[in-house]
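Asker: What follows is a structure written as structure tokens; I'll ask about it next.
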Amino acid sequence: MARVDVIRVKGGAQLAGDVSVGGAKNSALKLMAVALLAQGRSVVENVPRITDIAIMAEVLRRLGCQVTLEGGHAIIDVPAEPGSEADYDLVRRLRASICVLGPLLARRGYVRVALPGGDMIGSRGLDMHFSGLTRMGAEISGEHGFVIAAAPRGLRGSKIWLDFPSVGATENLLMAAVLAKGVTEIDNAAREPEIVDICDMLTAMGARIGGAGSSTLTVEGVESLSPVTHRTVGDRIVGGTWAFATAMTRGDVTIHGVRPEYLDVALDKLVTAGAQVTLGENQFRVRMEQRPRAVDIVTLPFPGFATDLLPMAIGLAAVAEGASLITENIFDGRFMFVNEMVRLGADIRTDGHHAVVNGRERLSGAPVRATDIRAGAGLVIAGLCADGVTEVGEVHHIDRGYPDFVTDLAKLGVEVERADVPEPTFDF
């Protein structure tokens, strides 16, 4: 009989102590792709020890790179001519691997990448990636589940307007533009800290980029880039997860390794809910002494409330005093996990991209399953506010975004275990 991992938590804990946050998953993965733009050895520091990093390392190896993951570092040796094809068997497991499209097209003038998989949280089309690259002179086609991009005469600078400030499209176009001929202007660009992190690494490599952190990026193409060593920015989503968990359990936790200004809106919402938040340099403390108050939350691109924190927002609302309105504006499938939260006794009604949550004093432990990275973490945290034991299945999703999740929970005072259990099989 096959066996699968589950996380079991006993409700009633009040999180207390200190927790350290590592490098941002959504930055480190893309920084590893940035290394493709320069021949030689680049080192990405503060890389989280998660499944997705291992998959990206294998993607790069199959492109001809030598990759070593050790001590929180990704050491990447890039050949003079990296490969130009990313196969489906890896890309289907990691949507972020589509970010090799831009740098490989810039370096090789040709790339064949399988259409990606990743979390089932709704439509995340690649049209903006393709239309932007087309404006830069690329010829885009598709066959047998692959995207094929060619630029036989090289990429050229262009003015590009994004219909939506897509993080992925901004990253791909930025990485393609740094080696294009002329100047590229990306308007309505994403402003996330992870974009700024990519710009910082590219600039250190010799790229000429203006407007990092704003909605307009100006890139003057250069002939070549040089390998560098770069430290990944702290993971604001992991930091935000611990902040919401502290507020939900009426705890007191200091979160180290992430800049609090990257979580301005989220921390402000916690203050509105009744938490005390003390800001420091690359750290912050959250204290909650009473039941949270209901608070309305709307997800928006940065600097708005991050969609990746929506499961934690719903968890907070589920145990808050009063009714909360949670609105999701980024992914149309983000509410897929709500039925699992309802199994824990949460009172949630969804309508389109809105959820009305009537808070309850306590939830009720039950077996549930993770549907994506953030939903998995959100369900575990909700289990801390439930009577009895909550068992969360399909925790491989959590492994993709949270290093040492169970260990950190235990350090903060939670009765928690990770176990493998038999998976039922059926004879027909």
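The values are calculated or read from the model by the stated rules, or taken from the named source; none is laboratory data. The structure displayed is predicted, hence computed values, not measured ones. So basically every Cβ, Gly included, is an ideal-geometry build from the backbone, and we count neighbours across all protein chains shown.
Asker: Kindly list, by first and then second residue, each pair from a residue in region 262-289 that is over 20 Å from Gly22 (Cβ atoms) to a residue that is polar (S, T, N, Q), limited to pairs with Cβ atoms under 7 Å and residues at least 6 apart or on different chains.
Answerer: Pairs that qualify, where the first residue is over 20 Å from Gly22 (Cβ atoms) and the partner is polar (S, T, N, Q), are Gly274/Gln290; Arg287/Gln276; Met288/Thr246.
Asker: Just to check your reading of the model, which residue among Gly125, Gly109 is at pLDDT below 90 and of a type in the set (Gly, Ala, Ser)?
Answerer: The unique qualifying residue is Gly125.
Asker: Another question, if that's okay. Could you grab me the full set of residues in region 318-350 that are assigned to a helix (DSSP H, G or I) and not acidic (Asp, Glu)? Can you show your working first?
Answerer: Here is the first cut: in region 318-350, the residues assigned to a helix (DSSP H, G or I) are 318, 334-343.
If the condition is that a residue be assigned to a helix (DSSP H, G or I) and not acidic (Asp, Glu), then Ala318, Arg334, Phe335, Met336, Phe337, Val338, Asn339, Met341, Val342, Arg343 are the ones that fit.
Asker: Next question. Scan the helices (runs of 4 or more DSSP H) fully inside region 163-261 and keep the ones with 2 or more residues being closer than 30 Å to Gln276 by Cα, modelled with pLDDT of 95 or more and of a type outside the set (Gly, Ala, Ser).
Answerer: The qualifying helices (runs of 4 or more DSSP H) are 193-205, 236-248.
Asker: When residues of region 30-52 are filtered for being among the hydrophobic types (A, V, I, L, M, F, W, C) and at pLDDT below 95, how many remain?
Answerer: Qualifying residue count, region 30-52: 1.
Asker: So, in region 326-349, how many residues would count as being in contact with a strand residue (DSSP E or B) (Cβ under 6 Å, 6 or more places away or on another chain), over 18 Å from Leu379 (Cα atoms) and surrounded by fewer than 17 Cβ atoms within 10 Å (Cβ to Cβ)?
Answerer: So the count comes out to 2.
Asker: Of everything in region 395-411, what is part of a loop (DSSP other than H, G, I, E, B) and surrounded by fewer than 18 Cβ atoms within 10 Å (Cβ to Cβ)? Give them in sequence order.
Answerer: Narrowing region 395-411 to residues part of a loop (DSSP other than H, G, I, E, B): 395, 400-404.
Matches in region 395-411: Asp404 only.
Asker: So Glu143 passes all but one of these: (1) at pLDDT 90 or above; (2) among the acidic types (Asp, Glu); (3) under 16 Å from Glu85 (Cα atoms). Which condition number does it fail?
Answerer: For Glu143, the exception is condition (1).
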